[in-house]
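Everything on this sheet refers to the single structure shown next.
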């Protein structure tokens, strides 16, 4: 059993079962995961998983079969690529009609990341401006300058009798 590395992916773990699943054993006796296979094919693993999860099962299976067939031969027969793909597609999360398609979310992530950074920087700039304005609006605390309260703190003098 392969232990997945700690995921730093921004998409989350909904594709982990699929991406860390073994395709089969390579000729060097090592397990080949879907994640490694996609990396070897220069395919973004999370984007591909998101797109496959949106496709009808038969179309997704065909597409994954084609990708597996492009891999250098492992210890699986070329004819078994369809069976392997069918097993792996079952590990993908099912698309929820109430949510935006996963592939669209994955495509927007770099844009959202940039947008988030811009928003954070804008908030920092606004906070710095507000701080500078607040400090410049305070009365001066120069040496030798005494702030005199507008209202005295002395108690009123008692009424004088006549």
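Tell me the relative contact order for region 16-89 as a rounded percent, counting alpha carbon contacts under 8 Å between residues six or more apart.
Numbers: 78 pairs, mean separation 25.3, N = 74.
Relative contact order, region 16-89: 34 percent.
What is the extension gain from residue 135 to residue 27, computed as 0.36 nm multiplied by their sequence separation minus the C-alpha to C-alpha distance, in nm to one decimal? Provide the component values of the computation, followed by the final result.
Working: separation 108, 0.36 × 108 = 38.88 nm, distance 6.99 nm.
Fully extending the segment from residue 135 to residue 27 adds 31.9 nm.
Give the whole-number value, in cubic angstrom per residue, of the convex hull volume spanned by the C-alpha atoms of region 16-89. It would help to have the intermediate numbers written out before the result.
Numbers: hull volume 5.4 nm³, N = 74.
With only Cα atoms used, region 16-89 gives 74 Å³ per residue.
Among 33, 137, what is the fewest-to-most ranking by other Cβ atoms within 10 Å? The partial results should precede the final answer.
Values: 33 18, 137 7.
Taking fewest neighbouring Cβ atoms as first place, the list is 137, 33.
Since every read-out is calculated from the coordinates, none of them should be taken as a lab result. Remember, predicted model here, so these are calculated numbers, not experimental data. Ideal geometry is used to build each Cβ from the backbone, glycine not excepted, and the neighbour counts take in all protein chains shown.
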